[in-house]
Ligand SMILES: Nc1nc2c(c(=O)[nH]1)N[C@H]1C(S)=C(S)[C@@H](COP(=O)(O)O)O[C@H]1N2
Ligand SMILES: [Mo]
């Protein structure tokens, strides 16, 4: 007869392998923002894609919500060393945003811009092929304001500072232009598995 709950597995099995170097696991969801949570009005919200200084596509919140939706459940890793497993998001993949804009990614670098003036640079290859999205929902609910609602960039395989909250646009750039934290000594790519925390790591 099978006995439930006696599988020979230790409770820590699988956790260590999913934690990048220097990270610890947390169950709660810390809020980390450089400033106060901005008020973002859904009636005037826009998301704009730019190629350099040239706008190529823009959506209102209603229009954005008509775009194809995708769910992603991923582990996330903050450079302050917490990691959280199995966070469940839904939104519009960057692939679908580019397809709807009618363009292929025009340059190897991207800057994400946000309503609080924050920005962060991400190599374009880290955004495409299903790796990243503009998320509007977390665990089945609209993302709460302190976690970046109504919409945030989600790039779960990079340190979480790359996942710009209150995002309002993606700008493709020919050069790798440093964003808010990158100007202050943080890494241009930020791969947690390579511990790319600071410039030069
Ligand atoms: N617009 C904006 N996005 C941001 C930030 C910010 O200050 N402003 N902080 C970043 C940092 S450092 C981290 S670790 C994560 C934290 O997201 P959370 O508050 O949902 O945990 O958001 C990132 N995105
Ligand atoms: Mo962070």
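Taking the stretch 66-88 on its own, how many of its residues are in a loop (DSSP other than H, G, I, E, B), surrounded by 16 or more Cβ atoms within 10 Å (Cβ to Cβ) and in contact (Cβ under 8 Å) with a residue 40 or more places away in the chain? So that I can check it myself, show each step before the final result.
Pass one, the stretch 66-88, residues in a loop (DSSP other than H, G, I, E, B): 66-69, 78-81.
Going one step further and asking which of them are surrounded by 16 or more Cβ atoms within 10 Å (Cβ to Cβ), we end up with 67, 78-79.
Those still in the list that are in contact (Cβ under 8 Å) with a residue 40 or more places away in the chain too: 78-79.
Here the count works out to 2.
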Notebook entry, point to check: If you scan the stretch 93-114, which residues turn out to be under 15 Å from residue 163 (Cα atoms), out of contact with any helix residue (DSSP H, G or I) (no Cβ under 7 Å at 6 or more places or on another chain) and away from ligand 2 (no atom under 16 Å from the Cβ)?
Noted result: 93, 94, 111, 113
Check: Given the conditions (1) touching a strand residue (DSSP E or B) at 6+ places or on another chain (Cβ under 9 Å); (2) more than 24 Å from residue 180 (Cα to Cα), and given that residue 17 satisfies all but one, which numbered condition is not satisfied?
Finding: (1)
Next item on the list: Read through the list (1) under 17 Å from residue 48 (Cα atoms); (2) assigned to a loop (DSSP other than H, G, I, E, B), then give the number of the only condition that residue 134 fails.
Entry: (2)
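Rundown of residues vs (1) more than 18 Å from the chain's Cα centre (by Cα); (2) within 26 Å of residue 121 (Cβ to Cβ); (3) within 16 Å of ligand 2 (Cβ to nearest atom); (4) modelled with pLDDT under 95, yes/no style:
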site: 5; (1), (2), (3), (4): yes, no, no, yes
site: 8; (1), (2), (3), (4): yes, no, no, yes
site: 14; (1), (2), (3), (4): yes, no, no, yes
site: 22; (1), (2), (3), (4): yes, yes, yes, no
site: 51; (1), (2), (3), (4): yes, yes, no, no
site: 72; (1), (2), (3), (4): no, yes, no, no
site: 76; (1), (2), (3), (4): no, yes, yes, no
site: 81; (1), (2), (3), (4): no, yes, yes, no
site: 91; (1), (2), (3), (4): no, yes, no, no
Item checked: Neighbours by Cβ (under 7 Å, 6+ apart or cross-chain): first from the stretch 151-165, under 14 Å from residue 93 (Cβ atoms); second assigned to a helix (DSSP H, G or I) and within 13 Å of ligand 2 (Cβ to nearest atom) -> 155/162
Notebook entry, point to check: Does any residue in the stretch 15-39 that is without any contact (Cβ under 8 Å) to a residue 24 or more places away in the chain come within less than 6 Å, Cβ to Cβ, of a residue that is within 6 Å of ligand 1 (Cβ to nearest atom) and in a helix (DSSP H, G or I) six or more places away or on a different chain, and which pairs are these?
Noted result: none
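Hey, can you tell me all the residues within the stretch 137-150 that are more than 14 Å from residue 87 (Cβ to Cβ), touching a residue at least 24 places away in the same chain (Cβ under 8 Å) and touching a strand residue (DSSP E or B) at 6+ places or on another chain (Cβ under 8 Å)? Spell out the reasoning first.
Our first condition is that a residue be more than 14 Å from residue 87 (Cβ to Cβ); within the stretch 137-150, this holds for 142, 145-146, 149-150.
After this cut, where a residue has to be touching a residue at least 24 places away in the same chain (Cβ under 8 Å) as well, the list is 145-146, 149-150.
Selection gives 149, 150.
Taking residue 123 as the residue in question, decide whether it is over 18 Å from residue 168 (Cβ atoms) and either without any contact (Cβ under 8 Å) to a residue 12 or more places away in the chain or away from ligand 2 (no atom under 15 Å from the Cβ) (or both).
So residue 123 passes the test.
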Item checked: Top-ranked residue in the stretch 139-158 [being within 14 Å of ligand 1 (Cβ to nearest atom) and under 13 Å from residue 77 (Cβ atoms); ranked as surrounded by the fewest Cβ atoms within 10 Å (Cβ to Cβ)] -> 156
Margin query: Among the numbered criteria (1) in contact with a helix residue (DSSP H, G or I) (Cβ under 9 Å, 6 or more places away or on another chain); (2) surrounded by fewer than 18 Cβ atoms within 10 Å (Cβ to Cβ), which one does residue 117 miss?
Written below: (1)
Checklist line | All positions within the stretch 159-201 that are assigned to a loop (DSSP other than H, G, I, E, B), in contact with a helix residue (DSSP H, G or I) (Cβ under 9 Å, 6 or more places away or on another chain) and within 11 Å of ligand 1 (Cβ to nearest atom) | finding: 159, 165, 166, 179, 180, 181, 190
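The values are calculated or read from the model by the stated rules, or taken from the named source; none is laboratory data. What you see is a predicted model; the values in this text were computed from it and never measured. All Cβ positions, glycine included, derive from the backbone under ideal geometry; neighbour counts span all protein chains shown.
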